[in-house]
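A.B. asks: Have a look at the structure that comes next, please.
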Amino acid sequence: TSHHLLFDGWSLAVLMEELQEVYAILQSSANLPHYKEDLYQDYIRYIGRQDKYKEEAYWQEYLFGVSAPVLLPYIGNVADRNKGIGRYGQEFLIFDKDYTKKLHEYVKANHLTMNTLMQGVWSYLLYRYSGEGHVVFGVTVSGRPEELPGVERRVGMYINTLPFHTVLSEDMEIGSWLQDLQLGQATSRQYQYSRLQDIQRWVGISGDLFDSLLVFGNYPVRAETFTGGKGLELSESRMREHTNYPLGIVISGDEELWIEFSYNSRLLDSSYVDQIQGHFKHVLEQIGRASCRERV
């Protein structure tokens, strides 16, 4: 078992791959190679070198127009909505290979990523749920700056949660709106190390800025990392985790799309989660049908 403070999911894959590699070398009676020391302080120093004034100015501009929190309407006014206190349940939405392929075709035709599409779906639903034109929710980022040498193979707590902001209206054109979302996220990556509490202070919003989180699992993992292939096989592996937010939407899978709705049952009744799941499915099905029409 491990605490999330030590390392993130990306790091776990790195650790398991190194374990497989070392095990295979020992099996062959060869000498272990010299491994360069992985210092997390390199990342701390990287953050310390960044321009705080530019960072603050960026987030103030990105969140311009957000004057109040964007919260799920299904939860009452409770002080501990984002404390993670309670029992968490899971509901799953799974699309087969054929339908997942249609979604991949849609994003490819529109020069998007699957992550952008999922962010767009949840933005639209929050827009409908809250009635707010300015929509904000949390997204996870790898937090691994390209400027840090060897960052893909480093182990530590790099993952971060940032606010995702977009503006919706009844007369917007979906395709161009989604492309704007993708461009905005690409720009945000240069500040993916920012602390959420700092961002909220810079934009003048206290308390909870949002209470839902979207996680897109796309860190690189080789197929044999958790299934063996080098003489060491891992079995009965389980991962049970939850965030401090009442609702977390976790997207994973490539050939088959898996969407997990993790919710705090103390704050969010399962009937509401079923509705959200149904709405999410409905929007994605509409997109899939649009993809079919485009091919015709």
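This table checks each residue for (1) within 18 Å of the chain's Cα centre (by Cα); (2) basic (K, R).
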{"site": "Y35", "(1), (2)": "no, no"}
{"site": "Q41", "(1), (2)": "no, no"}
{"site": "R49", "(1), (2)": "no, yes"}
{"site": "Y62", "(1), (2)": "no, no"}
{"site": "S67", "(1), (2)": "no, no"}
{"site": "H111", "(1), (2)": "no, no"}
{"site": "M114", "(1), (2)": "yes, no"}
{"site": "W122", "(1), (2)": "yes, no"}
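A.B. asks: State all residues of the stretch 258-272 that are open to solvent by 30 Å² or more (accessible area, probe 1.4 Å) and either small (G, A, S) or part of a strand (DSSP E or B) (or both); if no residue qualifies, say none.
C.D. replies: Result: W258, E260, S265, S270, S271.
A.B. asks: Only one of these conditions is not met by L12: (1) under 29 Å from V273 (Cα atoms); (2) free of Cβ contacts under 8 Å to residues at least 40 places away in the same chain; (3) within 21 Å of the chain's Cα centre (by Cα). Which number is it?
C.D. replies: Here L12 clears every test but (1).
A.B. asks: Only residues that are surrounded by 19 or more Cβ atoms within 10 Å (Cβ to Cβ) and closer than 20 Å to V167 by Cβ: list them for the stretch 63-109, please.
C.D. replies: L63, V66, V70, L71, L72, listed by residue number.
A.B. asks: Separate question: Being closer than 28 Å to L5 by Cβ, open to solvent by 30 Å² or more (accessible area, probe 1.4 Å) and of a type in the set (D, E) is the filter here, so list the residues in the stretch 40-62 that pass it.
C.D. replies: As a first pass, look at the stretch 40-62 and keep what is closer than 28 Å to L5 by Cβ: 40-52, 55-56, 58-59, 62.
Next cut, open to solvent by 30 Å² or more (accessible area, probe 1.4 Å) only: 40-42, 44-45, 47-52, 56, 58, 62.
Listed by number, the residues that qualify are D42, D51, E56.
A.B. asks: Output the number of the condition that E17 fails; it satisfies all remaining conditions of (1) open to solvent by 30 Å² or more (accessible area, probe 1.4 Å); (2) modelled with pLDDT under 90.
C.D. replies: Every condition holds for E17 apart from (1).
A.B. asks: Then there is this: List every residue pair whose Cβ atoms sit under 6 Å apart, with the two residues 6 or more apart in sequence or on different chains, where the first one lies in the stretch 164-178 and is more than 13 Å from V66 (Cα to Cα) and the second, anywhere, is part of a loop (DSSP other than H, G, I, E, B).
C.D. replies: G175/N110; L178/L112
A.B. asks: Are any residues in the stretch 203-231 within 30 Å of L125 (Cα to Cα), of a type in the set (S, T, Y) and either modelled with pLDDT under 65 or not in a loop (DSSP other than H, G, I, E, B) (or both), and if so, which ones? Spell out how you get there, then give the answer.
C.D. replies: Taking the stretch 203-231 and keeping what is within 30 Å of L125 (Cα to Cα), we get 203-220.
From what's left, of a type in the set (S, T, Y): 206, 212, 219.
Correct list: S212, Y219.
A.B. asks: Right, another one. Does E152 count as at pLDDT below 90 and on the phi < 0 side of the Ramachandran plot? Give the derivation first.
C.D. replies: Numbers: at pLDDT below 90: no; on the phi < 0 side of the Ramachandran plot: yes.
No: the conditions fail for E152.
A.B. asks: Taking E61 as the residue in question, decide whether it is within 24 Å of V151 (Cβ to Cβ) and not aliphatic (A, V, I, L, M).
C.D. replies: Details: within 24 Å of V151 (Cβ to Cβ): no; not aliphatic (A, V, I, L, M): yes.
No: the conditions fail for E61.
A.B. asks: Answer with yes or no whether Y124 is in contact with a strand residue (DSSP E or B) (Cβ under 9 Å, 6 or more places away or on another chain) and open to solvent by 50 Å² or more (accessible area, probe 1.4 Å). It would help to see each step written out before you state the result.
C.D. replies: Numbers: in contact with a strand residue (DSSP E or B) (Cβ under 9 Å, 6 or more places away or on another chain): yes; open to solvent by 50 Å² or more (accessible area, probe 1.4 Å): yes.
Here the answer is yes, as Y124 does meet what is asked.
A.B. asks: Find the residue count for the stretch 139-150, including only residues that are outside any loop (DSSP other than H, G, I, E, B) and either in contact with a helix residue (DSSP H, G or I) (Cβ under 8 Å, 6 or more places away or on another chain) or without any contact (Cβ under 8 Å) to a residue 60 or more places away in the chain (or both). Walk me through how you get there before you give the answer.
C.D. replies: To start, the set of residues in the stretch 139-150 that are outside any loop (DSSP other than H, G, I, E, B) comprises 139-141.
Narrowing further to those that are either in contact with a helix residue (DSSP H, G or I) (Cβ under 8 Å, 6 or more places away or on another chain) or without any contact (Cβ under 8 Å) to a residue 60 or more places away in the chain (or both): 139, 141.
So the count comes out to 2.
A.B. asks: For the stretch 18-58, name all the residues that are over 14 Å from G150 (Cβ atoms) and touching a residue at least 24 places away in the same chain (Cβ under 8 Å).
C.D. replies: Once the filter is applied, which keeps residues that are over 14 Å from G150 (Cβ atoms) and touching a residue at least 24 places away in the same chain (Cβ under 8 Å), the stretch 18-58 yields L19, Q20, E21, Y23, A24, Q27, I47, Q50, E55, E56, Y58.
The values are calculated or read from the model by the stated rules, or taken from the named source; none is laboratory data. Note that the coordinates shown come from a computational prediction; the quantities given were computed from them, not determined experimentally. For neighbour counting, all protein chains shown are included, and Cβ atoms are generated from backbone atoms with ideal geometry for every residue, glycine included. To get the accessible areas, we keep the full protein, side chains included, count just its heavy atoms, and leave off ligands, DNA and RNA. Shrake-Rupley method; radii C 1.70, N 1.55, O 1.52, S 1.80 Å.
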